[in-house]
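The values are calculated or read from the model by the stated rules, or taken from the named source; none is laboratory data. Because the structure is a prediction, the values reported are computed rather than measured. Every residue, glycine as well, gets a Cβ built from its backbone with ideal geometry; the counts of neighbours run over all protein chains shown.
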Amino acid sequence: MSETVVGGAPAQLAAPGSAGASPWTLARRRLLRNRVAMTMVGVLVVIVVACLAAPLYAHHVAHTDPFRSNLDGTTIVNGKTVPIMQEESGGLGLGVTPIGPTWDLRHYFLGADDQGRDVASRLLYGGRNSLIIGVSAALLTCILATIVGLVAGFFGGIVDGILSRLLDVVWAFPVYLLAISLSTVLLTRGLRIGPFHLEAGSLLLPISIIAVVYVPYVARPVRGEVLSLRQREFVEAAIGLGASTWRLLWSDILPNVTTTVIVFFPLMIAIDMLTESALSFLSIGVQPPSASWGTIILDGQGLLYTRPVVALAPGIAIAVTVLALNVLGDGIRDALDPRAKHRAPGGR
Amino acid sequence: MTAFVTRRLASMVLVMFAISVLVFLIFFATPGVDPAARIAGRNADQQTLREVRKDFGLDKPMPVQYALMMKKLFISRDLTSFVNRGAKVIPQVTQAAPVTLSLVLGAAVIWVVVSVLMGLVAAVFRGTAIDTTLMILGLIGISMPVFWLGEVVNLISQSRFHHSFLFSWVPPLGYTPLTKSPLGWFKSLLLPWLTLAVLYIGIYARVLRSALIEAQEQDYVRTARAKGLTERRVLVRHALRTSMIAFVSLFGLDFGALVGGGALLTEVVFGLHGVGKLTFDSLQNLDLPVIMATVMYAAFFVVVANAVVDLLYAWLDPRVRIG
């Protein structure tokens, strides 16, 4: 995996020159040659770096604490000091409206929310949580699903029967409803199993809920693949050679289902991020004072007609990230299995 | 066929039972929390807690608790909310159901028509700019959170451009029953329909396009071409027909899931008091009996929808019956 692949003349890549290259190398070359997918990688890198830099931005550029309400604070617009929460000029004259976007990176770039907090900083911090939840939940889903799929498909019989029925039940459950049920129950007091205790506000809760809910989506195709792999000659040959169960699973079956799981991974991140935003919007995802893109949209709901940018900005962030992940996912699928180019449905 | 129907219905009942047990376990047996405190809602007093324990038989063994719960949900139908004192839960659900059905049915009509057109056009112009544009539009639709899209639609139609000729017809958020005013019903639902349909248009157009392209490489399509049929006839009468199989089974699942509560976010954003909004409102004050009822209702609906799809499928395609 160490040699560098330069774009070069595309025509040569499929030519005899690449004979002997491993399937992974070929796939990587195909992916690197896919300009659209590579652009999306660039977009994702920018988003991730920006979110990682959230504390830098908040402390050294915007000089705000995005987690403390700042109703009496002031900021500077065009060299003049103005209050963050402004008296309403029109209408009934009741209440205050937070300051709108100043488009000045140092002073409330995207304005403030109803607590007087800097929306731009919260957007970056929220993005961290959304990304962390999306990536970890997708990772957890893929790991769990691989284990379940391998075990069910390989051992068959009663083990398969039980696991498959279990997957069916979770599958039949509308995703949001299952997530909602789990969240309502767990978010009030957290989860306590033996010595393990998950705090109600912990990010691990939404991560594990989202991860569990989507396990059947990946486990079912993995199981199907394992079922067909078990009939293949090379597996029979390994059995004939006296390979242990563990060895069969680890060296013969697992490497052959990895591509399926890898194709699912970016799509799962995309779906997980959408689910996280929905749960947070329903106030059963990330809990305040933490932020995620979903909670910021919820914060912005009350200000929708007066300060729409509070709700618009995180939505655009989600849409761009998810779009990039979907396109990248398609690219990875095409790279790993070029024949599937026009076959597999994407984005689910 | 009879054997298949029996088998399918039996498995449906089994899945329903499993789901009801799962829901029961989630709400009554999650470790670390007292179910009575959860059902009674936030800051309930000792008196209410005692009532809840007695009402739900929480001092009895688990199977008895489960049976009691099921009785309250389906037989005596007198499940009561403790947060919203004395309110019966089941009538609330049956009242909300028509709203959800109206929303999902309308959206389904839109998404099926638009996505079939989009998929067909993209497949016909495969590889051209038209194809790429349509598929990118579909992907964008898939990538937007539906509740956010709803808010954007509200922002445009209720506030920013409400007084322009484009959106002056848009009524305030809320639902008008069909029986009261068909036109009002249509007006109040048109934007929610479109919003909900956007996601599915993207998914279905992509699915149909890939199915069509795959079908065009099949032998029977080559035969149809060799017979000298026009390209349009080959596409619509031969390729499209078989491509619709995947489409139809997907539709059954999604329709069931939407009626079962997937439309929750759209209902919340547009202030439509359907089953999803009912769930959402109960979430706000942690009214567990209502959440349990809506979740159970929804899951059952999905299971029934899946069974109906499977039966239809077996009726259409004899090979399925044997498997």
*What are the residues in segment B:91-130 that are free of Cβ contacts under 8 Å to residues at least 24 places away in the same chain, closer than 23 Å to B:His238 by Cβ and not aliphatic (A, V, I, L, M), if any?*
B:Phe125, B:Gly127, B:Thr128
*Out of curiosity, is B:Asp310 under 26 Å from A:Phe281 (Cβ atoms), surrounded by fewer than 24 Cβ atoms within 10 Å (Cβ to Cβ) and more than 9 Å from every other protein chain (Cβ to nearest Cβ)?*
no
_Quick check on my filter: what residues within segment A:150-168 are surrounded by 18 or more Cβ atoms within 10 Å (Cβ to Cβ) and among the aromatic types (Phe, Trp, Tyr)?_
A:Phe154
_Just to be sure before I move on: is A:Ile284 of a type in the set (Val, Ile, Thr) and in a loop (DSSP other than H, G, I, E, B) in the structure I sent?_
yes
*For segment B:283-307, which residues satisfy the criterion of being buried (at least 22 other Cβ atoms within 10 Å of the Cβ) and not in a helix (DSSP H, G or I)?*
B:Asp287
*Just give me the residues in segment B:158-184 being surrounded by 13 or more Cβ atoms within 10 Å (Cβ to Cβ) and touching a residue at least 60 places away in the same chain (Cβ under 8 Å), in sequence order.*
B:Leu173, B:Tyr175, B:Pro177, B:Leu178
*Could you say whether any residue in segment B:112-130 is surrounded by 16 or more Cβ atoms within 10 Å (Cβ to Cβ), within 16 Å of the chain's Cα centre (by Cα) and either farther than 23 Å from A:Ala317 by Cβ or more than 14 Å from chain A (Cβ to nearest Cβ) (or both)?*
yes
_Complete set of residues in segment A:305-319 that are of a type in the set (A, V, I, L, M, F, W, C), in contact (Cβ under 8 Å) with a residue 40 or more places away in the chain and more than 8 Å from chain B (Cβ to nearest Cβ)_ = A:Val309, A:Val310, A:Ala313, A:Ala317
_Taking the conditions exactly as written (in a helix (DSSP H, G or I) and within 12 Å of chain A (Cβ to nearest Cβ)), does B:Leu235 satisfy them or not?_
no
*State yes or no: is A:Phe281 among the aromatic types (Phe, Trp, Tyr), closer than 23 Å to B:Ile156 by Cα and touching a helix residue (DSSP H, G or I) at 6+ places or on another chain (Cβ under 9 Å)?*
yes
*Go through segment B:48-75 and count every residue that is under 19 Å from B:Ala298 (Cα atoms) and not β-branched (Val, Ile, Thr).*
7
_Just the residues that are away from every other protein chain (no Cβ under 14 Å) and under 21 Å from the mean Cα position of the chain (by Cα), please, taken from segment A:138-180._
A:Ala138, A:Leu139, A:Leu140, A:Thr141, A:Cys142, A:Ile143, A:Leu144, A:Ala145, A:Thr146, A:Ile147
*Please work out if B:Leu196 is buried (at least 19 other Cβ atoms within 10 Å of the Cβ), more than 11 Å from chain A (Cβ to nearest Cβ) and at pLDDT 85 or above.*
yes
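This table checks each residue for (1) at pLDDT below 90; (2) touching a strand residue (DSSP E or B) at 6+ places or on another chain (Cβ under 7 Å); (3) exposed (fewer than 15 other Cβ atoms within 10 Å of the Cβ).
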residue: A:Val213; (1), (2), (3): yes, no, no
residue: A:Arg230; (1), (2), (3): yes, no, no
residue: A:Glu236; (1), (2), (3): yes, no, yes
residue: A:Leu248; (1), (2), (3): yes, no, no
residue: A:Asn256; (1), (2), (3): yes, no, no
residue: A:Ala270; (1), (2), (3): no, no, no
*Considering every residue within segment A:237-249, establish whether at least one is under 22 Å from the mean Cα position of the chain (by Cα) and touching a residue at least 12 places away in the same chain (Cβ under 8 Å).*
no
*Identify, by number, the condition in (1) surrounded by fewer than 24 Cβ atoms within 10 Å (Cβ to Cβ); (2) at the interface with chain B (Cβ under 10 Å from one of its Cβ atoms); (3) touching a residue at least 40 places away in the same chain (Cβ under 8 Å) that A:Ser290 doesn't meet.*
(2)
*Can you find a residue in segment A:58-75 that is in a strand (DSSP E or B) and modelled with pLDDT under 75?*
yes
*State whether one or more residues within segment B:88-109 are in a helix (DSSP H, G or I), at pLDDT below 90, within 14 Å of another protein chain (Cβ to nearest Cβ) and surrounded by fewer than 16 Cβ atoms within 10 Å (Cβ to Cβ).*
no
_Tally up the residues in segment B:140-161 that are more than 22 Å from A:Asp299 (Cβ to Cβ), more than 20 Å from the chain's Cα centre (by Cα) and within 10 Å of chain A (Cβ to nearest Cβ), please._
1
*Any idea which of (1) in a helix (DSSP H, G or I); (2) more than 30 Å from B:Gly202 (Cβ to Cβ) is the one B:Leu58 doesn't satisfy?*
(1)
*Give the residue, chosen from B:Phe255, B:Phe280, B:Phe270, that is over 14 Å from B:Ala97 (Cβ atoms) and without any contact (Cβ under 8 Å) to a residue 24 or more places away in the chain.*
B:Phe280
_Check on A:Thr295, touching a residue at least 12 places away in the same chain (Cβ under 8 Å), more than 7 Å from every other protein chain (Cβ to nearest Cβ), assigned to a loop (DSSP other than H, G, I, E, B) and farther than 28 Å from B:Arg209 by Cα_ = no
*Go through (1) within 30 Å of B:Leu134 (Cα to Cα); (2) in a loop (DSSP other than H, G, I, E, B); (3) of a type in the set (Val, Ile, Thr) one by one and return the number of the condition B:Ile201 breaks.*
(2)
*Which ones in segment A:220-266 are in contact with a Lys or Arg (Cβ under 7 Å, 6 or more places away or on another chain) and over 20 Å from A:Leu140 (Cα atoms)?*
none
*Being at the interface with another protein chain (Cβ under 10 Å from one of its Cβ atoms), over 18 Å from B:Pro91 (Cα atoms) and surrounded by fewer than 24 Cβ atoms within 10 Å (Cβ to Cβ), is that true of even one residue in segment B:271-282?*
no
